[in-house]
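A quick write-up on the structure given underneath.
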Amino acid sequence: MSKPVNLNQYRKQKARTEKRSRADENAIRFGRTRDEKKLDRARADKARRDLDGHKAEE
């Protein structure tokens, strides 16, 4: 005779697996490293400083 299966454990494990795979997909799609975020911030700050430097005084 086969071993009985706990359907609640099976359901929860399946949900965990799906959630983990969805999280991995999102990390690939949207995730950026700390260095990439820092570089983007630095570029935005430089662009803002350059723009402020070209403004005419009234």
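The values are calculated or read from the model by the stated rules, or taken from the named source; none is laboratory data. Keep in mind the model is a prediction, meaning the values are calculated, not measured. No Cβ is skipped: glycine too gets one built from the backbone with ideal geometry, and neighbour counts run over all protein chains shown.
So here's what we get for this one:
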{"item": "Single unsatisfied condition, residue 56 versus (1) part of a helix (DSSP H, G or I); (2) surrounded by fewer than 10 Cβ atoms within 10 Å (Cβ to Cβ)", "result": "(1)"}
{"item": "Qualifying residue in region 27-44 (condition: in a helix (DSSP H, G or I), among the polar types (S, T, N, Q) and at negative phi)", "result": "no"}
{"item": "Failed criterion for residue 10 (all others in (1) assigned to a helix (DSSP H, G or I); (2) exposed (fewer than 10 other Cβ atoms within 10 Å of the Cβ); (3) among the hydroxyl-bearing types (Ser, Thr, Tyr) hold)", "result": "(2)"}
{"item": "Top-ranked residue in region 21-48 [being exposed (fewer than 10 other Cβ atoms within 10 Å of the Cβ) and among the basic types (Lys, Arg); ranked as modelled with the highest pLDDT]", "result": "34"}
